[in-house]
């Protein structure tokens, strides 16, 4: 055996066999590990595909994608509708101011009043209704961007300010109620 190839290379055949045995054991462990991973993957796949074949799964996915497209389209329409609603609301009367007073200091009970109605851009009108024993007098004055082209009485000015700054007045009224 002295003429063997291993002897000429300087290897002892026992070490070579031990190395190959260790390599085979490592490969065996790797095969078992891969087999276990394969079984877990197969059971996950079977659970995912339970009761469905490939074609029905594809149809299910395309149905979901169509549903997402429809929802996206509806969201765009909703955004447009909301913008249109906001545009329309700007022209509606949103701000209100009212002041009651006794116009002629004769009747008592503050039967006269000033009503101010404004939109989001502070455009609208001031309605002054004065009540006396002889009758009821109504006056209306146009308001453009929070200002009148006609001189306003003190009650009309107060009502206009209440309408323009209604958040501040509402906050003051809430604080007064709590006291």
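Since every read-out is calculated from the coordinates, none of them should be taken as a lab result. What you see is a predicted model, and the numbers here were worked out from it, not measured in a lab. Positions of Cβ are backbone-derived with ideal geometry, glycine not excepted, and every protein chain shown enters the neighbour counts.
Computed values, structure above
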{"quantity": "Computed lengthening from residue 150 to residue 44, 0.36 nm per intervening residue step minus Cα-Cα distance", "calculated": "30.1 nm"}
{"quantity": "Net length gained if the chain between residue 67 and residue 165 were fully extended (0.36 nm per residue, minus Cα distance)", "calculated": "30.6 nm"}
{"quantity": "Efficiency of FRET between residue 28 and residue 60 - r from beta-carbon atoms, R0 41 angstrom, step 0.05", "calculated": "0.50"}
{"quantity": "Protection proxy ranking, peptides 127-133, 111-117, 25-31, average beta carbon neighbours within 10 Å, highest first", "calculated": "111-117, 127-133, 25-31"}
{"quantity": "Pairwise FRET efficiency - residue 84 versus residue 134, Cβ, R0 = 41 Å, nearest 0.05", "calculated": "0.25"}
